[in-house]
Amino acid sequence: MVLVYLYGFGNRVYLVFVRYYILMILVYLQAITAAGTRKNESIFGELQTQLKNKNLTVDIKANSESDLLTTFTVDEFATPGLKSILSLVVPDQRSGKLELQYLHEFAGINASVGLNPNPMVNLSGVFGSKELSVGVDVSFDTATSNFTKYNAALSLTYPDLIASLHLNNHGDTLTASYYHLVKSHSSTAVGAELSHNFPRNESTLIFGSQHSLDPHTSVKARFNNYGMASALVQHEWRAKSLVTISGEVDTKAIEKSTKVGLSLVLKP
């Protein structure tokens, strides 16, 4: 309940007293967080609060720019594993968004739609098991009736082998990758990636390998079908402190393109 006392004078209204009866709100209040930041001569403030009742959670965030972000989250909505989220920013009338999330042992789905006359609709999902999974990611703009994004992926995962197939960039690029751990004790592994761009009819093939000389020193190298070769040696001379020597060369023009680099990372 809110009591507001107003006195008017001409076209101006003065708010002289606002009183809140917050007894019931305090029952569900979980936390209040306040933060402030000063930049140059300006001070920016933010106040956050959360209210929770059973499976309903309300997050409210207000800032010094008079924006009020409110998020309503309902867990186990209608069925186990389903969550619904409604978010909006006041006073932006086009900021509302409704989102549904479903999580299952063998599936994860996320769908969202903007609450405006011409919303953007997003749908993404992953299906499968620990070894084999398939995923899609699609966005549709109702204002233009066009798909702004549609990606798909297939992956195969084992302790010593990872293989994947990706279709990206509106279906223009198809990428296949392979990684195989040959020796776990020395982190010896080989990998390859083949990418094809359909509009340009161009393909890129990359081979790579890695090997640990000792627990603190590793070697990596890669080579592509355009003749570019690169390698690096990395040594951890103390915890989280690394020294790396790297090199790159175009095997078709060795005299012009050889590069050598040195990097040092120090952490206390």
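Only the coordinates and a few stated rules stand behind these numbers; no lab work does. These numbers were taken from a predicted model, which means no experiment stands behind them. Using ideal geometry, Cβ is built from the backbone for each residue, glycine included, and neighbour counts are taken over all protein chains shown.
Remarks
- In straight-distance terms, cross-link reach from Lys259 covers every one of the aspartates and glutamates whose alpha-carbon lies under 14 Å from its own, apart from those fewer than eight places away in the same chain; here that gives Glu248, Asp250.
- All other residues whose Cβ lies under 11 angstrom from that of Pro268 are scored, Lys and Arg at +1 and Asp and Glu at -1, for a net of +3.
- Shape call, region 150-268: gyration tensor on alpha carbons, a/c limit 1.5: oblate
- Rg followed by Dmax, in Å, when region 66-107 is reduced to its Cα trace: 13.0, 43
- Table column - 3J(HN,Hα) (Hz), region 260-265, Karplus curve with 6.51, -1.76, 1.60, x for Gly and Pro: 10, x, 9, 10, 9, 10
- Ranked Asp141, Asp172, Asp214, criterion: other C-beta atoms within 10 Å, fewest first: Asp214, Asp172, Asp141
- Reach of Lys256 by Cα under 25 Å, taken over lysines that are not fewer than 8 positions away in the same chain: Lys220
- J(HN,Hα) series, region 235-246, from Karplus relation 6.51 cos²θ - 1.76 cosθ + 1.60, nearest Hz, glycine and proline x: 10, 9, 7, 7, 3, 6, 10, 10, 10, 10, 10, 10
- Region 178-232 and region 43-65: distance between their alpha carbon centers, rounded to Å: 47
- Three-way shape call for region 134-209 based on the alpha-carbon gyration tensor, with the a/c threshold at 1.5: oblate
- The length gained on full extension between Ala253 and Leu205, counted as 0.36 nm times the residue separation minus their Cα-Cα distance, comes to 15.4 nm.
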